[in-house]
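The values are calculated or read from the model by the stated rules, or taken from the named source; none is laboratory data. Predicted model, so just to flag it, every value in this text is computed and none were measured. Glycine gets a Cβ as well: all are built from the backbone with ideal geometry, and neighbour counts include every protein chain shown. The accessibility values were calculated without ligands, DNA or RNA, using every heavy atom of the protein model including side chains. Shrake-Rupley method; radii C 1.70, N 1.55, O 1.52, S 1.80 Å.
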Amino acid sequence: MTFDEDVIIGRSIKKSDKIIEKLQGKELVFGYVLVCLNEKRTGLELYPSFVFFQKRMKDLDIHVVGIFKNNKDAFEFLRVLSEKAVSKFGDCDLIKALKLYGEDDK
């Protein structure tokens, strides 16, 4: 598992550095939703944080781009990201829109 250099952290999360440290150390972490690039790096997938403790997940090349406290926050992130993608690029390229997240529309 790798983390994006500019990993997006949900506003309701405190001590994100400790969460990332635990995930990198393969510790069991409950209660978070991770937004990750899919294996082909063409889209985004959501995973509950506890699944990374499973043996089958350790073999996957997972790249985390966002960490959120719950599904509601993660889906809101995807909604906002989708809107930004469509307004800036005319399509729903979420990967390209990641760098725009957090920017105010001008």
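At-a-glance table
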quantity: Unmet requirement for Lys72, which otherwise passes all of (1) touching a residue at least 24 places away in the same chain (Cβ under 8 Å); (2) open to solvent by 60 Å² or more (accessible area, probe 1.4 Å); calculated: (1)
quantity: Selection within the range 23-37 - surrounded by fewer than 14 Cβ atoms within 10 Å (Cβ to Cβ) and not hydrophobic (A, V, I, L, M, F, W, C); calculated: Gln24, Gly25, Lys26, Glu27, Gly31
quantity: Phe30 vs. criteria aromatic (Phe, Trp, Tyr) and not in a loop (DSSP other than H, G, I, E, B); calculated: no
quantity: Filter pass, Asp93 being modelled with pLDDT of 90 or more, open to solvent by 40 Å² or more (accessible area, probe 1.4 Å), out of contact with any His (no Cβ under 8 Å at 6 or more places or on another chain) and more than 19 Å from Gly10 (Cα to Cα); calculated: yes
quantity: Qualifying residues in the range 1-17 (those that are assigned to a strand (DSSP E or B) and acidic (Asp, Glu)) - the one surrounded by the most Cβ atoms within 10 Å (Cβ to Cβ); calculated: Asp4
